[in-house]
Amino acid sequence: MARIAGVNIPTNKRVTIALRYIHGIGPAKAAEICDKVGIAPEKRVNQLTDAEVLQIRETIDADHLVEGDLRREVAVNIKRLMDLACYRGLRHRRGLPVRGQRTHTNARTRKGPAKPIAGKKK
């Protein structure tokens, strides 16, 4: 099993698909990495040589912000908004949708399961 950026990537999948298991790498970045290293995108991870895996690892380390560093940066950005007490920061602090979605109905992912209100009947 290949280990890149602290993540065990699946061995039986194509390289472009397997790279997406790393936080911060999506379809476009995965294809860009494969082009840069010179690996055919349809090649499977278990067909890669150790040298190719090393090249992928070095390319990701040099050019892309992934996994722990990316998560840390996002958390710092959210904390900065919360400390500023701007509108987006207040929405993060209260656990409500940040980007203008409606909350009268829906928004259950952000708000959590519905809490019953005592004495409210129709």
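The values are calculated or read from the model by the stated rules, or taken from the named source; none is laboratory data. Just so you know, these numbers come straight off a predicted model, no measurement behind them. Every residue, glycine as well, gets a Cβ built from its backbone with ideal geometry; the counts of neighbours run over all protein chains shown. We work out accessible area using only protein heavy atoms, side chains counted, and drop any ligands, DNA or RNA first. Shrake-Rupley method; radii C 1.70, N 1.55, O 1.52, S 1.80 Å.
For this structure, a couple of remarks:
- Angle in degrees between helix 67-84 and the longest Cα principal axis of the chain, rounded to the nearest 10: 30 degrees
- In plain terms, the chain from Arg20 to Gln101 could stretch by 26.4 nm, reckoned as 0.36 nm per residue minus the Cα-Cα distance.
- For the chain, the longest principal axis of the C-alpha atoms and the axis of helix 27-37 are separated by about 20°.
- Between Val74, Val53, Val98, the GNM of the chain built on Cα springs shorter than 10 angstrom shows Val98 fluctuating the most.
- Positive contributions from Lys and Arg (+1) and negative ones from Asp and Glu (-1), summed over other residues with Cβ under 11 Å from the Cβ of Leu81, come out at +4.
- Dipole magnitude of region 2-43 about its Cα centre (Cβ charges: Lys, Arg +1; Asp, Glu -1), debye to nearest 20: 120 debye
- For Asp83 and Leu54, the FRET efficiency from 1/(1 + (r/R0)^6), where r spans their Cβ atoms and R0 equals 41 Å, is about 0.50.
- Whole-percent carbon and sulfur share, accessible surface of the chain, 1.4 Å: 52 percent
- Mean separation of Cα contacts under 8 Å (6+ apart) over length of region 20-122, as relative contact order %: 17 percent
- Acute angle (nearest 10 degrees) that the helix 50-63 long axis makes with the longest principal axis of the chain, alpha-carbon atoms: 40 degrees
- Where trypsin sites (Lys or Arg not before Pro) fall in DSSP loop in region 20-108, at most 10 other Cβ within 10 Å: Arg99, Arg102
- Per residue accessible area in Å² of the chain, where ligands, DNA and RNA are left out and the probe is 1.4 Å: 71 Å²
- With a cut-off of 13 Å between beta carbons, the residues surrounding Lys13 carry a summed charge of +3, where Lys and Arg count +1 and Asp and Glu -1.
- Partner lysines for Lys13 [C-alpha distance under 26 Å; skip if fewer than 8 residues away on the same chain]: Lys29, Lys36, Lys43
- The calculated FRET efficiency for the pair Ala114 and Asp61, based on their C-beta separation and a Förster distance of 41 Å, comes to about 0.35.
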